[in-house]
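Before any comments, here is the structure.
The values are calculated or read from the model by the stated rules, or taken from the named source; none is laboratory data. Quick caveat: nothing in here was measured; it's all calculated off a predicted structure. Here the Cβ positions follow ideal geometry from the backbone for every residue, glycine too, while neighbour counts run over all protein chains shown.
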């Protein structure tokens, strides 16, 4: 089987109907996830988390705490998986890498003048290389939304391709910042550009702009991934980020993932949640399932 | 994509998406009596016929209850009670008071929504998600909508006054039992008529539950009479001399029989009959939403929908992509226990209907069409059919011409707008149609030229109490829903 | 000499009364005729005794004309109906003459023709207005734009009133075509002259061929085909003849035809015209389309 990656003409519109996609997305929330399906789903969601701290006030101490938490989510519940990755600024990559040691948890670094992306390309490339040289396994870049909205699709494409090259072995997550793209048509187009330009992941948001990830936006991106897969044979991973803080919502996302891309994507190589407070809510749900009693946040550590 | 290999063998796997832990709705939240009598003149009365028949759960083939079988004498009683109620009470009641009774029914359905949903699913086999999220709320909304018309009829018809017709005989099908009862009863009452309603013999329970509500709502006795039975009971209603109006929803075949039966009378009639809707996807359509619309169009309620989008026309340049997407989507549909909250496709309503569907599936294969079914497992007991699509279909194939009333889709490709309009209209039916394109001017070209009563553009199978529904050609005449639905139950006077 | 010529009785050229199908005036394919007479038994004309094959041909013509006529701008249909009225006005004398020969008196005849002209003007005006009265925008609960509009039923086969030979004919035809339908009309059997002449008016009024087809002949012979033809969408019958009404309704069930009975209408009355007659030949079509962002609309609010 030979599948080629003929690059489509991005000026040609791809249509997404807003009402239709939102209806479809809401259908996933009607699935009733119970018993073993629920426990398996919660475990999987936990294992898909990119535990994130992206604050100006981040310190090495804070990052170390987060890395400890990542490895000891809730010691009262033996047999829990770890999260997938820790997501930090480039300056914190070294700290995180050291703290995580050989736990198997990846270090992801945002780069390319995150979150605005308003910097010259050479600085973005240096930012990326700095992160990778410090040990980042994954790079979360932002696209130049201004250029994209101007219709400078080639610029956006070339920039992603350049960052991909700078990443070397690190996997590249391309953040579309869907809250700034506004329409689903544009989200779809940006997804296509990112995938054809070399993204390993496409990611919804920085978490700095509202709205961040939503189910319909994620669905548009999952459908783009599916079409890309059928055209090229290449799997692309997906990362919704921001706004997913409740385990029930995370389960809805997993239902959506499972019904859109199928079993092949149901692991943390191909799907991540970018979240900071989701882990504790999942832990509370798991403890509730285990003990039969509703839980209090006071019994789960905040790091 | 000229360089793409000839045969793309990539395939996504969805088995785990279908295998969710059971999430059954509880039967205990609904009360079903072992036996139901006829609701005549405000009371449940034993049938003169002394006969009862069993109603079963098509998902398990277990008996749910025994239902009274009304004979001609029972029909006579019901019509007499409706006539008396019309003459003595309902016709004379101030319209605003009529409205309040109808509002009351709407509210009581809302209060007992969960019970109605459970019974609807047990009796008819439709997924609980649909009964809960569609059938029951839409039925309540229908009463709520028409209640408000009762004292505003003067505004509905320019330069005319209205008067009720009298006694309406209403015969409804088994695919949306409660909802069809609401579609029939609500406008009839709002316009000042009284009613004798017969639900389909397979699915009488929710109509009888509605009778309980009507009783609780203190509606004057005889304004609504609900009698049960099969074709002979229906015929007795159609042929009753003291009925002024027949409202029928069901097959075109029976609709024609009714049209002939009342030919020598002054009975008015509205008929909502069969369909073979064309759903048309152009190459500039939002394809994933179109596919979702196609799925919803043909698999909603197991395809037991007169307006189901059972013929799919896809423009050639996107044909392969659409079929692939459809197949993937088919794999994610959960077929099985209708009471499970995750079920997308429940049980076929009856053994007889399953036989008809299977017959057509066989015909489709014999005609040379290529069949694709979901790989899902189906329960051993009960009446089930895998969601099925046919490609390589010719317009002349029976599966593309005849109403199957099941989860079976016939797909054809087309090249030009004119070609697809011609093919879409090439049917004795004209109930509904679907158009998928991003181009507004094309939508209006299509919606104008398609000869059907409901056109869904970039959507499908949407219903609303305010929105008139009904067919062209052999799909019947008259409208239900909205302002236009009032015409079915009034005489206009100068 | 010249005076003598004038005084000498001139031989009148008699008119051949033919049927009107697809914008042409053929003789009946059957070659049959019947002699129309007035109540005193006086010869009026030899009139085509239309056959079921004439009816069949007329249905084909009407079906072919339907797409074009229903697709015309409503305004344009209004203009054409107005043009028909103008033509009728211009040939008023001929109609009065024919009506008078068919047992009317001059005063009555003139009144009838005037009423016909006015009725055409009346329906001309409705062509682009009735849709506005009987359409609706339906406020559905979901994020969809939803509207219902009347659309023509299709091909209508009408048996014109047997007594009001001109007024009845015009009153039945006008609302059918005002609403964008095409039709086949069987003229009054006993008083067919005006119907044929009216066909000539139609033919000179920019009305596309096939929109109205007029046959002459016997009701009893043709009525069954008006009711059972599978490509006819609606049938009109105007007589209070219960047995025929029943037969029409029964046969119409073959393809779920709409049956419209006008046995109680008084055509000369003001109740003989109304937009509700147009609506008798209209279907309601409802269209749905999603609306983006209805709940979250920000711009402009």
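Here are some conditions: (1) away from chain B (no Cβ under 12 Å); (2) touching a helix residue (DSSP H, G or I) at 6+ places or on another chain (Cβ under 9 Å); (3) buried (at least 22 other Cβ atoms within 10 Å of the Cβ); (4) closer than 26 Å to residue B:292 by Cβ. Residue A:260 meets all but one. Which one does it not meet?
(1)
Can you report the number of residues in segment B:153-199 which are within 14 Å of chain C (Cβ to nearest Cβ), part of a helix (DSSP H, G or I) and touching a strand residue (DSSP E or B) at 6+ places or on another chain (Cβ under 7 Å)? It would help to see each step written out before you state the result.
Narrowing segment B:153-199 to residues within 14 Å of chain C (Cβ to nearest Cβ): B:155-162.
Filter once more, so that each one left must be part of a helix (DSSP H, G or I): B:155.
Then keep just the ones that are touching a strand residue (DSSP E or B) at 6+ places or on another chain (Cβ under 7 Å); that gives none.
So the count comes out to 0.
Just to be sure before I move on: is residue B:364 in contact (Cβ under 8 Å) with a residue 40 or more places away in the chain, in a loop (DSSP other than H, G, I, E, B) and buried (at least 22 other Cβ atoms within 10 Å of the Cβ) in the structure I sent?
Spelling it out, it is not the case that residue B:364 is in contact (Cβ under 8 Å) with a residue 40 or more places away in the chain, in a loop (DSSP other than H, G, I, E, B) and buried (at least 22 other Cβ atoms within 10 Å of the Cβ).
Taking the stated definitions as given, is residue B:382 in a loop (DSSP other than H, G, I, E, B), on the phi > 0 side of the Ramachandran plot, in the same structural domain as residue B:297 (by TED's automatic domain parsing) and more than 23 Å from the chain's Cα centre (by Cα)?
Spelling it out, it is not the case that residue B:382 is in a loop (DSSP other than H, G, I, E, B), on the phi > 0 side of the Ramachandran plot, in the same structural domain as residue B:297 (by TED's automatic domain parsing) and more than 23 Å from the chain's Cα centre (by Cα).
List pairs: first residue in segment A:3-32 and at the interface with chain B (Cβ under 7 Å from one of its Cβ atoms) and in a loop (DSSP other than H, G, I, E, B), second residue modelled with pLDDT under 85 and surrounded by fewer than 18 Cβ atoms within 10 Å (Cβ to Cβ) anywhere in the structure, Cβ distance under 7 angstrom, at least six positions apart or on different chains.
Final answer for the pair search is A:3/B:4; A:3/B:5; A:4/B:3; A:4/B:4; A:6/B:1; A:6/B:3.
Hey, among B:375, B:317, which residue is farther than 20 Å from residue B:58 by Cα and in contact (Cβ under 8 Å) with a residue 40 or more places away in the chain?
Values: B:317 fails: in contact (Cβ under 8 Å) with a residue 40 or more places away in the chain.
Selected residue: B:375, the only one of B:375, B:317 that is farther than 20 Å from residue B:58 by Cα and in contact (Cβ under 8 Å) with a residue 40 or more places away in the chain.
One line per residue, one yes/no per condition, for (1) at the interface with chain C (Cβ under 9 Å from one of its Cβ atoms); (2) crowded, with 24+ Cβ neighbours inside 10 Å:
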{"site": "B:407", "(1), (2)": "no, yes"}
{"site": "B:421", "(1), (2)": "no, no"}
{"site": "B:424", "(1), (2)": "no, yes"}
{"site": "B:443", "(1), (2)": "yes, no"}
{"site": "B:465", "(1), (2)": "yes, yes"}
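Among the residues of segment B:263-278, are any more than 30 Å from residue C:255 (Cα to Cα) and either within 13 Å of another protein chain (Cβ to nearest Cβ) or in a helix (DSSP H, G or I) (or both)?
No, because not a single residue in segment B:263-278 is more than 30 Å from residue C:255 (Cα to Cα) and either within 13 Å of another protein chain (Cβ to nearest Cβ) or in a helix (DSSP H, G or I) (or both).
Assuming residue C:239 fulfils every condition listed in (1) surrounded by 24 or more Cβ atoms within 10 Å (Cβ to Cβ); (2) more than 10 Å from chain B (Cβ to nearest Cβ) apart from one, which condition is it?
Of (1) surrounded by 24 or more Cβ atoms within 10 Å (Cβ to Cβ); (2) more than 10 Å from chain B (Cβ to nearest Cβ), only one is false for residue C:239: (1).
For segment A:33-69, what are the residues that are in a helix (DSSP H, G or I), within 10 Å of chain B (Cβ to nearest Cβ), out of contact with any helix residue (DSSP H, G or I) (no Cβ under 8 Å at 6 or more places or on another chain) and on the phi < 0 side of the Ramachandran plot? Lay out the reasoning, then the answer.
We begin by selecting, within segment A:33-69, every residue in a helix (DSSP H, G or I); these are A:35-47, A:60-69.
Still in the running and within 10 Å of chain B (Cβ to nearest Cβ): A:35-41.
Keeping just the survivors that are out of contact with any helix residue (DSSP H, G or I) (no Cβ under 8 Å at 6 or more places or on another chain) gives A:35-37, A:40.
Answer for segment A:33-69, where residues must be in a helix (DSSP H, G or I), within 10 Å of chain B (Cβ to nearest Cβ), out of contact with any helix residue (DSSP H, G or I) (no Cβ under 8 Å at 6 or more places or on another chain) and on the phi < 0 side of the Ramachandran plot: A:36, A:37, A:40.
Out of all the residues in segment C:150-160, is one or more crowded, with 22+ Cβ neighbours inside 10 Å, closer than 18 Å to residue C:271 by Cβ and within 14 Å of chain B (Cβ to nearest Cβ)?
Within segment C:150-160, none of the residues are crowded, with 22+ Cβ neighbours inside 10 Å, closer than 18 Å to residue C:271 by Cβ and within 14 Å of chain B (Cβ to nearest Cβ).
Right, residue B:217: at pLDDT 95 or above, surrounded by fewer than 24 Cβ atoms within 10 Å (Cβ to Cβ) and within 30 Å of residue B:62 (Cα to Cα) or not?
no
Return only the number of the condition from (1) over 15 Å from residue C:212 (Cα atoms); (2) touching a residue at least 40 places away in the same chain (Cβ under 8 Å) that residue C:70 does not satisfy.
Every condition holds for residue C:70 apart from (1).
Applying the selection to segment C:230-250, what residues are touching a helix residue (DSSP H, G or I) at 6+ places or on another chain (Cβ under 9 Å), in contact (Cβ under 8 Å) with a residue 24 or more places away in the chain and closer than 19 Å to residue C:280 by Cα?
Answer for segment C:230-250, where residues must be touching a helix residue (DSSP H, G or I) at 6+ places or on another chain (Cβ under 9 Å), in contact (Cβ under 8 Å) with a residue 24 or more places away in the chain and closer than 19 Å to residue C:280 by Cα: C:231, C:232, C:233, C:234, C:235, C:236, C:237, C:238, C:239, C:248.
Answer yes or no as to whether residue A:290 is modelled with pLDDT of 95 or more, surrounded by fewer than 19 Cβ atoms within 10 Å (Cβ to Cβ) and on the phi < 0 side of the Ramachandran plot.
Taking the combined requirement at face value, the residue does not satisfy it.
Which of the residues spanning segment B:238-255 are farther than 22 Å from residue B:86 by Cβ, within 12 Å of chain C (Cβ to nearest Cβ) and touching a strand residue (DSSP E or B) at 6+ places or on another chain (Cβ under 9 Å)?
Correct list: B:252, B:254, B:255.
Does residue B:122 count as modelled with pLDDT of 95 or more, in a strand (DSSP E or B) and either surrounded by fewer than 16 Cβ atoms within 10 Å (Cβ to Cβ) or in the same structural domain as residue B:243 (by TED's automatic domain parsing) (or both)? Give the derivation first.
Values: modelled with pLDDT of 95 or more: yes; in a strand (DSSP E or B): no; either surrounded by fewer than 16 Cβ atoms within 10 Å (Cβ to Cβ) or in the same structural domain as residue B:243 (by TED's automatic domain parsing) (or both): yes.
Answer is no for this residue.
Just checking, which of B:181, B:217 is under 22 Å from residue B:81 (Cβ atoms) and either over 23 Å from the mean Cα position of the chain (by Cα) or without any contact (Cβ under 8 Å) to a residue 12 or more places away in the chain (or both)?
Every option except B:217 fails the conditions.
Here's the yes/no breakdown for (1) farther than 15 Å from residue A:16 by Cβ; (2) in contact (Cβ under 8 Å) with a residue 24 or more places away in the chain; (3) buried (at least 24 other Cβ atoms within 10 Å of the Cβ):
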{"position": "A:178", "(1), (2), (3)": "no, yes, yes"}
{"position": "A:200", "(1), (2), (3)": "yes, yes, no"}
{"position": "A:209", "(1), (2), (3)": "yes, yes, no"}
{"position": "A:220", "(1), (2), (3)": "no, yes, yes"}
{"position": "A:232", "(1), (2), (3)": "yes, yes, no"}
{"position": "A:235", "(1), (2), (3)": "yes, yes, no"}
{"position": "A:239", "(1), (2), (3)": "yes, yes, yes"}
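Those residues that are closer than 18 Å to residue A:230 by Cα, within 15 Å of the chain's Cα centre (by Cα) and assigned to a loop (DSSP other than H, G, I, E, B), I need them from segment A:175-216; list them, please.
A:199, A:200 - these are the residues of segment A:175-216 that are closer than 18 Å to residue A:230 by Cα, within 15 Å of the chain's Cα centre (by Cα) and assigned to a loop (DSSP other than H, G, I, E, B).
How many residues, within segment C:38-47, are more than 17 Å from residue C:16 (Cβ to Cβ) and either touching a helix residue (DSSP H, G or I) at 6+ places or on another chain (Cβ under 9 Å) or in a strand (DSSP E or B) (or both)? Walk me through it before giving the result.
First, pick out the residues of segment C:38-47 that are more than 17 Å from residue C:16 (Cβ to Cβ): C:38-42.
Those left that are additionally either touching a helix residue (DSSP H, G or I) at 6+ places or on another chain (Cβ under 9 Å) or in a strand (DSSP E or B) (or both): C:38, C:42.
The total comes to 2.
Among (1) facing chain B (nearest Cβ under 10 Å); (2) farther than 21 Å from residue C:123 by Cβ; (3) at pLDDT below 95, which single condition is residue C:270 missing?
Answer for residue C:270: the failing condition is (2).
Test residue C:63 against the criterion of being surrounded by fewer than 19 Cβ atoms within 10 Å (Cβ to Cβ) and in contact with a strand residue (DSSP E or B) (Cβ under 6 Å, 6 or more places away or on another chain), and give yes or no.
For residue C:63, the condition - surrounded by fewer than 19 Cβ atoms within 10 Å (Cβ to Cβ) and in contact with a strand residue (DSSP E or B) (Cβ under 6 Å, 6 or more places away or on another chain) - is met.
For residues in segment B:282-294 being under 24 Å from the mean Cα position of the chain (by Cα) and crowded, with 24+ Cβ neighbours inside 10 Å, which is nearest to the other protein chains (Cβ to nearest Cβ)?
Of everything passing the filter in segment B:282-294, B:289 is nearest to the other protein chains (Cβ to nearest Cβ).
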